[in-house]
Amino acid sequence: EPHSLGSLYLIPTAVTDRAQSVYCFRHCTFSTMFEKVVVVDARAHMMGRLASVVAKELLNGQHVVLVRCEGINISGSLERNIIKFHSFLRKRVNTNPKQGPFHHRAPSMIMYRVIRGMVPHKTARGEAALARLKVFEGIPDEYQKMKRMVVPDALRATRLRPNRRYCVIGDMASRVGWKYGDLINKMEDARRAKSAEYYAEKKAKTAAHAAAKAAVSA
């Protein structure tokens, strides 16, 4: 049974990290109190579809944190998206490139710019909406023990046909100037190892508790 939290539905779904349950949220149309912050695991989501859902939630007043932005997917092959990004890099002010546009290479900032394009960011309402958004590569310490969610309507598995090409934004970013892909992978490996260790300990404690309970009841 879905649990209502603000303007979202929380629906239990598969666990991707052993130590951390992952939930999904779906936009609905009733108005109640908002959750303080919603942490979304952006891995394996289609970039544009995820951005549209997040932009709407931000405008509705929800605080959203996107983690693992380096795992976001983009439709189209890697080479095609690199060519498109290089075309974007050529767009600048001829007389003074310092005036913009600014071309961020980090996956989190690429995603931030996509969401910004779906928000009226030059108005007070849009500026306030963007202030409610945080984006990260990997999962920072303060969000590692928080419940993470996915957006079913934006998952690549549900939105992209199996024979269609796609690429991972982290791979594209590394090819166009992002220098921290290896570091993020190293930190994520350490986090997953720590998570697996915690989950094994938790399972052992749960099994011991169940055995003790069964012994007492017998």
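Of note:
- Gyration tensor verdict on region 60-167 (Cα atoms; rounded if a/c is under 1.5, prolate if a/b is larger than b/c, oblate otherwise): oblate
- Residue 124-residue 197 FRET efficiency (beta carbon distance; Förster radius 35 Å; 0.05 resolution): 0.15
- Among 124, 67, 112 the positive-end extreme of the charge dipole of region 46-138 (Cβ point charges): 124
- Cα-projected label distance for residue 209 with residue 102, points at 7 Å along beta-carbon direction, nm: 4.7 nm
- Note on region 74-218: with charges restricted to the Cβ of Lys and Arg (+1) and Asp and Glu (-1), its dipole about the Cα centre is near 520 debye.
- Segment residue 158-residue 89, length gained on full extension (0.36 nm per residue, minus Cα span): 21.7 nm
- Region 70-98-region 176-204 distance, computed between alpha-carbon centres (Å): 29 Å
- The residues of region 58-157 present an accessible area of 54 Å² per residue when probed at 1.4 Å with all protein chains retained.
- Highest average packing first - 48-58, 148-158, Cβ atoms within 10 Å: 48-58, 148-158
- Residues whose amide H lies under 5 Å from that of residue 138, counting only those 5 or more places away or on a different chain, are 68, 69, 70; hydrogens are built 1.01 Å from N in the peptide plane.
- In this Cβ point-charge picture (+1 for Lys and Arg, -1 for Asp and Glu), region 158-214 has a dipole of about 320 debye about its Cα centre.
- Stretching residue 37 away from residue 56 to a fully extended chain increases their span by 5.4 nm, per 0.36 nm per residue minus the current alpha-carbon distance.
- Cβ-Cβ distance of residue 218 and residue 145, R₀ of 35 Å, FRET efficiency by 1/(1 + (r/R0)^6): the value works out to about 0.50.
- For region 37-131, chymotrypsin sites (Phe, Trp or Tyr not before Pro) are listed when DSSP marks them as loop and at most 11 other Cβ atoms sit within 10 Å of their Cβ; the list is 102.
- For the residue pairs 98/134; 147/194; 36/147; 145/205; 122/179, the alpha carbons lie more than 21 Å apart in 98/134; 122/179.
- With an a/c value of 1.5 or above and a/b not larger than b/c for the gyration tensor axes a ≥ b ≥ c computed over the alpha-carbon atoms, region 83-128 is described as oblate.
The values are calculated or read from the model by the stated rules, or taken from the named source; none is laboratory data. Please read all numbers here as calculations on a predicted model, not as lab measurements. All Cβ positions, glycine included, derive from the backbone under ideal geometry; neighbour counts span all protein chains shown. Ligands, DNA and RNA are excluded from the accessible area calculation, which covers all protein heavy atoms including side chains. Shrake-Rupley method; radii C 1.70, N 1.55, O 1.52, S 1.80 Å.
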